[in-house]
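Here the structure is laid out as structure tokens; the discussion comes afterwards.
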Amino acid sequence: MAGSKFAYVRNFELPDPLLPEAFMVLRIDGHAFHRLSEEHNFVKPNDERALQLMDHAARDVMNEFKDIILAFGESDEYSFLFRRSASLYNRREAKILTTITSLFTSSYVFNWSKYLSDTPLKYCPSFDGRIVLYPTATVVRDYLSWRQADTHINNLYNTVFWALVLKGGQTTTEAHATLRGTVSSQKHEMLYSRFGINYNELPARFRKGSVLVREEVSDTTEARSGPETDKAAASDPGEPVPTSGKKAQKKKPRVRTTVELYHCDIIGDEFWDCRQNLLADS
Ligand SMILES: Nc1nc2c(ncn2[C@@H]2O[C@H](COP(=O)(O)OP(=O)(O)O)[C@@H](O)[C@H]2O)c(=O)[nH]1
Ligand SMILES: [Mg+2]
């Protein structure tokens, strides 16, 4: 049936496909979280509960969108890396961006009280989002290194800054002035000599950010279909079901995936050497 005479307006809806075969990174960032963190009394410089809530929302996104192979989070931001050949929503940019940004946001709100139980949410938080395409695995690694280096730089600065204010009695203006022009080693030294804080002993979550990785679990569980198999399994649930005999079940190795959370270095090679498949998708 022909559409109404108004249907032509659909022609104004232009396609917005993302280049095939390029790596997609979607980064969300909390809108005005400086204010949100103040209004909800986030612990300074890092509020573990708020960071765990971010991790929870990111995990919800990864559980829903299996094309995401890795995510990296710090502060009020999270980056989601898609496998290169991801074809969700025919790679329509607006559809991917809006669906994931809104899922992240709703999970953040939905789960808020689990992490900040004594702090009622006063207003609606929101996140902006963008998708950037990267042509090679090297650039993807550099992107992630950039974000983790940012985590380190900000965290070191914020840790000394808030130590100067909260423990050293400086005003925020004085603390900024104290830190102006200092290099990393001087900040480490200041933390240690003035406040007895060994930066490297601070929680890895604060120093390294959060890395969520989709990992394969080789699952050799039987495909159970017959009563014999069920019985055999029930007799000793910890043991594999026998595979010999007429009625034995065929083993069907399935590839299941889980999403694991780490607070580890992703700038060096070790993380990637252990996960060579991650960026090898062709
Ligand atoms: N106290 C505290 N503040 C945080 C924490 N995580 C994020 N923030 C705040 O969120 C801001 C995030 O930075 P940015 O996105 O540049 O600022 P925005 O434009 O206000 O969202 C930081 O500057 C902090 O003020 C936290 O764990 N504790
Ligand atoms: Mg922000």
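Points worth noting:
- The phi torsions of the range 32-42, fed into the Karplus equation with coefficients 6.51, -1.76 and 1.60 and a -60° offset, translate into couplings of 6, 6, 4, 5, 4, 5, 5, 5, 10, 6, 4 Hz, rounded to whole numbers, with Gly and Pro shown as x.
- From the Kirkwood radius over Cα pairs of the range 53-111, Stokes-Einstein at 37 °C and 0.692 mPa s returns a whole-number translational diffusion coefficient of 281 µm²/s.
- Legend: distances between Cα atoms for K44/K187; K122/K167; K167/K187; K122/K187; pairs beyond 24 Å are K122/K167; K122/K187.
- Listed residues E201, E38, E216, most fluctuating in the chain (Gaussian network, C-alpha, under 10 Å): E201
- Alpha carbon centroid spacing (whole Å) that separates the range 33-79 from the range 82-153: 9 Å
- Over the chain, Cα pairs under 8 Å with separation of 6+ residues give a relative contact order of 22 percent.
- Whole-percent pair-distance distribution, where bins are 5 Å wide, for the alpha carbons of the range 94-176: 3, 11, 11, 10, 13, 21, 15, 9, 5, 1
- For L51, L121, order by how many other beta-carbon atoms lie within 10 Å, fewest first: L121, L51
- Within the chain, the whole DSSP H helices whose Cα atoms reach 18 Å or more along their own axis and whose mean Kyte-Doolittle score is at least -0.5 are 93-115, 137-166.
- Put in order of Cβ neighbour count within 10 Å, fewest first, the listed residues K122, K208 become K122, K208.
- Paired Rg and Dmax values of the range 16-138, which use every Cα atom, in angstrom: 15.1, 46
- Helix-only arithmetic for the chain: the sum of -39500 (n - 2.57) across DSSP H runs with n ≥ 4, divided by the residue total, places the mean residue ellipticity at 222 nm at -13000 deg cm²/dmol.
- With neighbours defined as other Cβ atoms within 10 Å of a residue's Cβ, the residues V217, V165 order from fewest to most as V217, V165.
- Equivalent ellipsoid dimensions for the chain as semi-axes, Å, which come from the Cα gyration tensor, largest first: 41, 29, 20
Values quoted throughout were computed directly from the atomic coordinates according to the rules given, and no laboratory measurement underlies them. For clarity, every value in this text was computed on a predicted model and none was experimentally measured. In this analysis, Cβ positions are derived from the backbone assuming ideal geometry, glycine residues included, and neighbour counts consider all displayed protein chains.
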